[in-house]
Amino acid sequence: MIGKKKLWVQIIIIILLVIGTIWAGFPILWMILNSFKPNSEIFAWPPTWISENFSLDAYKAIFTNPEQVRFFINSYAISAIVVTVTLIIGILAAYAFSRFNFPGKGIINTIIVAVQAVPPITLLIPYMSLIVSLKLFNTYGALILTYMVFTLPYAILMLTGYFNTLPKDLDEAVMIDGGSRFKALWSVLVPPSVPGLVSVGMYTFMQAWNEYLFALALTKTNDMRTVPVGINLLMGQHAYEWNQMMAMSVLGSLPILFLFLFFQKYFIAGMTAGSVKN
Amino acid sequence: MTKGKKFITPYLYLLPTIILMCILLIVPIVMVIGYSFYDNVIINKNPVFVGLENYSKVLSDPVFFVAIKNTLFFVLISIVAHFLIGMLFAMLLNTRYLGVMTKGIFRVIYALPWMFTASVIAIVWRMMLNPNGVLNYLMTNMGLISEKVEWLASRDVALASVTLINIWSGYPFYMISILAGLQGISTDLYEASALDGANAVQTFFRITIPQLKPILISLLMLDFVWTLQQFALIWMTTGGGPVNATETISTYIYKQGFSKYQYSMASAGAVILLIVCTIIGIFYVRQQKAGD
């Protein structure tokens, strides 16, 4: 009787696993398959699965178009800078939260937690005049600074949690030996926090790489566009070159997929920090 | 070290954060609230104070009313589906019937939709949901539909289609978080429950759900706020159309501001959205603090 029940459970689990795989994986598979087809076959009826005219032409078209290569350079550069600056400023702020008690700590902390609820579109309207008056419109600076409004709070919260797990004796020992606070932070607190920094860095990279709204509204010329905006531009400009749009989608998704597949543990830690408390 | 220096030290470490948050968070919020009480802001150098006129215009705009209705549908269906699918997949990946390798592989596959940016998701689904696309082909072959459906271009189904895309792209966040929560539940609790003779359903409602409660509340609140603000996915699939059929609060605000240059109207809409999000945000902050 128990054996029979087990068998049933296993059959149901296998069916669910298959349905789940189709649901989650089919759109991605379809994107990849279509990036290797000629454009005329995208809406073939019946659809071709693996095209007889399999080709890398769509990828070649992306790589040989300087305008589209530029989207990638912009996205990599902006994301890398956002990650670096977020981590540096985040480490400094997390140190203050972890090691000091000071007037205003509660209010600043509340603001930082609450940022996650502020709609980006609400900030975008005043940014249109603010970013222009700071002379940052259509520059990397506009995107880097506005992205940090959302990446920095998350970094601070996670890193404060990390620093809190490290005993205060560690940094105090450095200061007793005549070292400065600043030295204690970088030589004693930062090295054991590397796993946390990696998680925060990846989450920050993902936020910056995927951002769309600010990139759409705060840049204007094609040489300043990022990948998410660029993919969508391809749609209007080139009269629906679907295979190229799919190739660009694959290329634009690779960095995040790479981070997820090879650093899964850190990636998941960064992703769940907002809801799961250990 | 003098007392004054010691007092100022934490603020020095926080200085870059405080400057950034003041200039790009506090000041803009004050500005947008200010804008909402003036006419023709940003474009006109000398806007006139009009009090609550922008609000009454927005709130009496039938399109805004449609946007609220659509947003409620979009948000409620999305978060319920995210929760159910995320929970189902998390439970599936947590059963003792699967090996560690198998679980690892399926966890990666099921988490995949979370890794794609909104413009990629939008474009891939536009291709699949095209009248000549693969979904119509498969459904015709299975006998589910008799003629090609215009998934994103028909007023009747566009909102449901966009919601489906959002469900696909958002459930992994629940799945991964719930999975982390499930792995944190002590096996003693399950053993005790088994000793009491509880069946699987009873154990689920008496042990699993109560143990996951803090995570679930955080997830639902975060997701509510995020889905409420969802702009990119809708903008790039339907742009709010056809004829306002998928207009949501975010696309409404964006169109007022960046297509019609009615920044005052956009600001009033944005402040209304901010108020709703702040209310949920307050509960979220309380929830997070209770956990500390």
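Things worth noting here:
- Qualifying helices (runs of 4 or more DSSP H) (wholly inside segment B:176-277; at least 2 residues being within 9 Å of another protein chain (Cβ to nearest Cβ), under 19 Å from the mean Cα position of the chain (by Cα) and closer than 30 Å to A:Ala215 by Cβ): B:209-228, B:232-237, B:249-254
- Filtering segment B:91-132 to residues that are of a type in the set (Phe, Trp, Tyr) and within 7 Å of another protein chain (Cβ to nearest Cβ) leaves B:Tyr97, B:Phe106, B:Tyr110, B:Phe116, B:Trp125.
- Test result for B:Phe74, surrounded by 21 or more Cβ atoms within 10 Å (Cβ to Cβ), among the hydrophobic types (A, V, I, L, M, F, W, C), touching a residue at least 24 places away in the same chain (Cβ under 8 Å) and at the interface with chain A (Cβ under 10 Å from one of its Cβ atoms): no
- Qualifying residues in segment B:1-41 (those that are touching a residue at least 24 places away in the same chain (Cβ under 8 Å) and crowded, with 20+ Cβ neighbours inside 10 Å) - the one nearest to the other protein chains (Cβ to nearest Cβ): B:Val32
- Out of B:Val149, B:Val157, B:Val134, one residue alone is over 20 Å from the mean Cα position of the chain (by Cα) and either surrounded by 22 or more Cβ atoms within 10 Å (Cβ to Cβ) or under 25 Å from A:Ala215 (Cβ atoms) (or both). It is B:Val134.
- Filter result for A:Tyr240 (over 23 Å from B:Gln229 (Cα atoms) and assigned to a loop (DSSP other than H, G, I, E, B)): yes
- Among the residues here, B:Val30 qualifies as under 27 Å from the mean Cα position of the chain (by Cα) and within 30 Å of A:Leu130 (Cα to Cα).
- Which numbered condition A:Asn53 misses (of (1) outside any helix (DSSP H, G or I); (2) within 11 Å of chain B (Cβ to nearest Cβ)): (2)
- Qualifying positions in segment B:92-108 - crowded, with 17+ Cβ neighbours inside 10 Å and in a helix (DSSP H, G or I): B:Leu92, B:Leu93, B:Phe106, B:Arg107
- Residue that is surrounded by the fewest Cβ atoms within 10 Å (Cβ to Cβ), among those in segment A:91-121 that are of a type in the set (S, T, N, Q) and part of a helix (DSSP H, G or I): A:Thr110
- Residue in segment A:261-272 that is small (Gly, Ala, Ser) and within 10 Å of chain B (Cβ to nearest Cβ) present: yes
- On inspection, B:Asn46 does not qualify as within 13 Å of chain A (Cβ to nearest Cβ) and over 28 Å from B:Ile215 (Cα atoms).
- Search result, residues across segment B:108-128 that are among the hydroxyl-bearing types (Ser, Thr, Tyr) and within 21 Å of B:Tyr174 (Cα to Cα): B:Tyr110, B:Thr117
- Among the residues of segment A:205-223, those identified as within 20 Å of A:Val149 (Cα to Cα), in contact (Cβ under 8 Å) with a residue 40 or more places away in the chain and in a helix (DSSP H, G or I) are A:Phe205, A:Met206, A:Gln207, A:Ala208, A:Trp209, A:Asn210, A:Leu213, A:Phe214, A:Ala215, A:Ala217, A:Leu218.
Read-outs throughout are calculated quantities, based only on the coordinates presented, and are distinct from any laboratory measurement. If you're wondering where the values come from, they're calculated on a predicted model, not measured in any experiment. Here Cβ is always computed from backbone atoms with ideal geometry, including for glycine, and neighbour counts include all displayed protein chains.
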